[in-house]
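Step one of this worksheet: look at the structure below.
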There are 2 protein chains.
Amino acid sequence: MGEKLHPFDDAVALSTVPGAPTTGRTTEAYANMVGPYGGITAATMLRAVLDHPELLGDPISLTVNFAAAIAYGEFTVDARPTRTNRSTQHWLIEISQDGAVTTVATAVTGLRRETWSADELAMPQVPAFDALERTVFPEFIAWAQNYDLRFAEGDLAMTDPQPSEDSTSTLWLQDIPARPIDFPALASMSDAFYPRVFLRLGQMVPAGTVSLTVYFHATTAELAEVGAGPVLGTAQAARFSGGYYDQTARLFSAEGTLLATSNQVVYFKA
Amino acid sequence: MGEKLHPFDDAVALSTVPGAPTTGRTTEAYANMVGPYGGITAATMLRAVLDHPELLGDPISLTVNFAAAIAYGEFTVDARPTRTNRSTQHWLIEISQDGAVTTVATAVTGLRRETWSADELAMPQVPAFDALERTVFPEFIAWAQNYDLRFAEGDLAMTDPQPSEDSTSTLWLQDIPARPIDFPALASMSDAFYPRVFLRLGQMVPAGTVSLTVYFHATTAELAEVGAGPVLGTAQAARFSGGYYDQTARLFSAEGTLLATSNQVVYFKA
């Protein structure tokens with residue numbers, strides 16, 4: 001018998017039996033209000049790509065469209081390359097339950113080469129991880145219990161929340177228990193910012209991600225440098241209108257390397 | 001016989017014959033260095049969604065993965081809803097040639113409702129469209145001849161280009177001839193920023209969009225207000241590394257309404 005799996009690895013684990021569809025299942029640890037946390041679904045779909053025998057290269061981009069809530073229990077994951085080039089590969093990934101599609105994703109993987117490089121985004125200047133208090137989310141938000149979240153700005157106000165003119169949150173994120181970061185973990189953390197509309201309105205309202213895109217900038221060597229240490233995330237919305245808003249998020253290593261940029265469009269009711 | 005089609009409408013036109021696959025074809029007007037301009041391909045895939053008899057609502061998001069160059073000539077466009085909910089609809093769109101997939105896209109359309117709204121992004125302060133000179137791109141960049149592009153910053157330097165520390169371009173964009181803006185036009189304009197790597201390096205290098213995502217914020221009423229007038233676009237890269245970089249772009253009406261936000265990841269060689 002091996003060691004007990006980390007809850008994250010348990011949540012994204014896939015079961016592959018030759019000749020049968022690949023399956024996964026939701027876990028209680030990463031439950032959200034309705035169905036599983038979107039970040040864990042994104043990570044699971046990326047896991048299916050990374051586990052595929054024909055995989056070429058590392059993740060470059062991932063887009064996940066949340067078509068319907070996933071019911072708690074088992075689901076089927078179908079990942080297939082739609083086109084394989086010399087240095088890039090394109091993927092289509094679908095999750096379905098009872099024959100109906102719940103989630104559709106596309107991904108690009110590719111070989112990275114040594115080239116001219118530059119970083120235009122400076123990491124926000126914030127207090128160190130150890131200098132900030134952990135925000136413990138309400139128990140009914142199960143997935144958030146798996147993250148040590150330490151806000152430098154835009155914290156979730158648990159008592160007497162007030163509307164805000166700015167939807168920015170900047171915070172340190174770390175898995176609980178700490179776990180060496182990998183591409184699925186980055187995908188999941190890209191979605192770990194509570195809905196920006198809560199921050200603007202000073203109240204919780206129905207909200208759910210419709211589509212999430214993650215661009216991976218980090219190399220595996222850069223991820224190894226981060227190890228199990230915290231990463232700094234910052235997220236902001238641009239426009240709320242007609243029942244939808246967008247969110248831009250960025251994840252940096254503690255040393256200031258931009259690991260991933262992510263965007264999502266969110267449905268809300270207010 | 002009707003009036004002559006605008007070159008843009010001609011380029012995104014689809015041919016639908018009952019019982020046969022929907023087809024489109026490239027036009028010389030929107031050619032790029034290798035295959036058609038990515039923005040026109042994105043617009044064509046969105047056109048296929050908007051023309052579909054089962055369409056629900058307006059465009060919310062569009063992600064286009066450029067798996068392979070489209071050869072000049074005819075192509076097949078297959079657009080199908082993967083899931084239709086009460087207020088949102090999810091789409092998968094594929095372009096193929098000779099049975100091989102060249103482009104895979106997903107889209108979300110949805111009904112917009114009157115809700116609380118807010119705009120957090122201020123439009124950059126720049127001189128008016130009429131106060132700036134048009135930049136005429138070299139003739140071999142055919143697609144760019146269809147846009148009246150007036151740069152406030154980050155212009156393409158035609159003579160004695162220098163490296164730059166900042167990849168930002170901010171410019172007015174308008175179709176030539178002027179054409180009332182619609183969702184396909186917004187999708188196309190989202191890709192109309194010349195590669196950020198040219199600006200940083202002060203030279204043209206091989207570069208191509210791998211994946212493009214557009215979030216549509218504008219309502220049809222807001223697009224009607226813009227009419228055939230110019231829109232203001234601004235684009236910047238965050239990180240160049242391993243042969244890829246990302247680009248964030250925003251399109252505003254002249255009155256400062258955020259019409260669309262867009263992101264793309266680009267392959268480059270330098």
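The values are calculated or read from the model by the stated rules, or taken from the named source; none is laboratory data. All values reported here derive from a predicted model rather than from experimental measurement. Using ideal geometry, Cβ is built from the backbone for each residue, glycine included, and neighbour counts are taken over all protein chains shown. Accessible surface is based on the protein model in full, side chains and every heavy atom, while ligands, DNA and RNA are left aside. Shrake-Rupley method; radii C 1.70, N 1.55, O 1.52, S 1.80 Å.
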Condition check for A:PRO138: farther than 20 Å from A:LEU251 by Cα and open to solvent by less than 70 Å² (accessible area, probe 1.4 Å): yes
Looking at (1) surrounded by fewer than 19 Cβ atoms within 10 Å (Cβ to Cβ); (2) part of a loop (DSSP other than H, G, I, E, B); (3) modelled with pLDDT of 95 or more, can you tell me which one B:GLY208 breaks? (2)
Among the residues of the stretch B:44-53, are any under 20 Å from the mean Cα position of the chain (by Cα), within 11 Å of chain A (Cβ to nearest Cβ) and in contact (Cβ under 8 Å) with a residue 12 or more places away in the chain? no
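It is to be established whether one or more residues within the stretch B:115-135 are within 9 Å of chain A (Cβ to nearest Cβ), open to solvent by 10 Å² or more (accessible area, probe 1.4 Å) and in contact (Cβ under 8 Å) with a residue 40 or more places away in the chain.
Keep residues of the stretch B:115-135 that are within 9 Å of chain A (Cβ to nearest Cβ), which gives B:115-121.
This time we only want the ones that are open to solvent by 10 Å² or more (accessible area, probe 1.4 Å), so: B:115-121.
If we keep only those that are in contact (Cβ under 8 Å) with a residue 40 or more places away in the chain too, we end up with B:119, B:121.
The answer is yes, given that some residue of the stretch B:115-135 is within 9 Å of chain A (Cβ to nearest Cβ), open to solvent by 10 Å² or more (accessible area, probe 1.4 Å) and in contact (Cβ under 8 Å) with a residue 40 or more places away in the chain.
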Count - residues of the stretch A:95-109 that are surrounded by 24 or more Cβ atoms within 10 Å (Cβ to Cβ) and more than 7 Å from chain B (Cβ to nearest Cβ): 5
Just checking, how many residues over the stretch A:53-87 are of a type in the set (Asp, Glu), out of contact with any Lys or Arg (no Cβ under 9 Å at 6 or more places or on another chain) and crowded, with 17+ Cβ neighbours inside 10 Å? 0
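How do the strands (runs of 3 or more DSSP E) wholly within the stretch B:34-123 filter down when requiring 2 or more residues that are over 30 Å from B:GLY256 (Cα atoms) and in contact with a Pro (Cβ under 7 Å, 6 or more places away or on another chain): which remain? Steps first, answer last, please.
Working: elements: B:58-66, B:74-84, B:88-97, B:100-110.
So the answer is B:74-84.
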State which residue is nearest to B:MET45 (Cα to Cα) when the search covers only the stretch B:1-30 and only residues that are in contact (Cβ under 8 Å) with a residue 40 or more places away in the chain and assigned to a loop (DSSP other than H, G, I, E, B). B:LEU14
Output the qualifying pairs, or none if there are none: Cβ atoms under 7 angstrom, residues six or more apart or on different chains, first residue in the stretch B:136-155 and part of a loop (DSSP other than H, G, I, E, B), second residue of a type in the set (S, T, N, Q) and open to solvent by less than 10 Å² (accessible area, probe 1.4 Å). B:GLY154/B:SER169; B:GLY154/B:THR170
Evaluate the following for B:TRP143: is it open to solvent by less than 30 Å² (accessible area, probe 1.4 Å), modelled with pLDDT of 95 or more, farther than 18 Å from B:VAL266 by Cβ and in contact with a Phe, Trp or Tyr (Cβ under 7 Å, 6 or more places away or on another chain)? no
Filter result (within 17 Å of the chain's Cα centre (by Cα) and hydroxyl-bearing (Ser, Thr, Tyr)) within the stretch A:226-266: A:THR234, A:THR248, A:SER253, A:THR261, A:SER262
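Of everything in the stretch B:247-270 that's β-branched (Val, Ile, Thr) and assigned to a strand (DSSP E or B), which residue is nearest to A:THR213 (Cα to Cα)?
Step one: list which residues in the stretch B:247-270 are β-branched (Val, Ile, Thr), which gives B:248, B:257, B:261, B:265-266.
Imposing the further condition that a residue be assigned to a strand (DSSP E or B) reduces the set to B:248, B:261, B:265-266.
On the way: B:THR248: 12, B:THR261: 13, B:VAL265: 11, B:VAL266: 14 Å.
Among those residues, the one meeting the criterion is B:VAL265.
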Check the stretch A:222-235 and report whether any residue there is within 10 Å of chain B (Cβ to nearest Cβ) and out of contact with any helix residue (DSSP H, G or I) (no Cβ under 6 Å at 6 or more places or on another chain). yes
From (1) within 24 Å of A:ILE95 (Cα to Cα); (2) in contact (Cβ under 8 Å) with a residue 40 or more places away in the chain; (3) within 14 Å of chain A (Cβ to nearest Cβ), pick out the condition that doesn't hold for B:PRO81. (2)
List pairs: first residue in the stretch B:221-234 and in a loop (DSSP other than H, G, I, E, B), second residue crowded, with 21+ Cβ neighbours inside 10 Å and not acidic (Asp, Glu) anywhere in the structure, Cβ distance under 6 angstrom, at least six positions apart or on different chains. B:PRO230/B:TRP172
Only one of (1) under 30 Å from B:SER164 (Cα atoms); (2) touching a Lys or Arg at 6+ places or on another chain (Cβ under 8 Å) does not apply to A:ARG134, and that is (1)
All but one of (1) open to solvent by 20 Å² or more (accessible area, probe 1.4 Å); (2) touching a Leu at 6+ places or on another chain (Cβ under 8 Å) hold for A:GLY233; state the number of the condition that does not hold. (1)
Read through the list (1) within 14 Å of another protein chain (Cβ to nearest Cβ); (2) assigned to a strand (DSSP E or B), then give the number of the only condition that B:LEU173 fails. (1)
Restrict the check to the stretch B:236-246 and report whether at least one residue is within 22 Å of B:THR63 (Cα to Cα), more than 7 Å from chain A (Cβ to nearest Cβ) and aliphatic (A, V, I, L, M). no
Restricting attention to the stretch B:170-190, report how many residues are surrounded by 24 or more Cβ atoms within 10 Å (Cβ to Cβ) and either closer than 13 Å to B:ALA249 by Cβ or over 15 Å from the mean Cα position of the chain (by Cα) (or both). 6
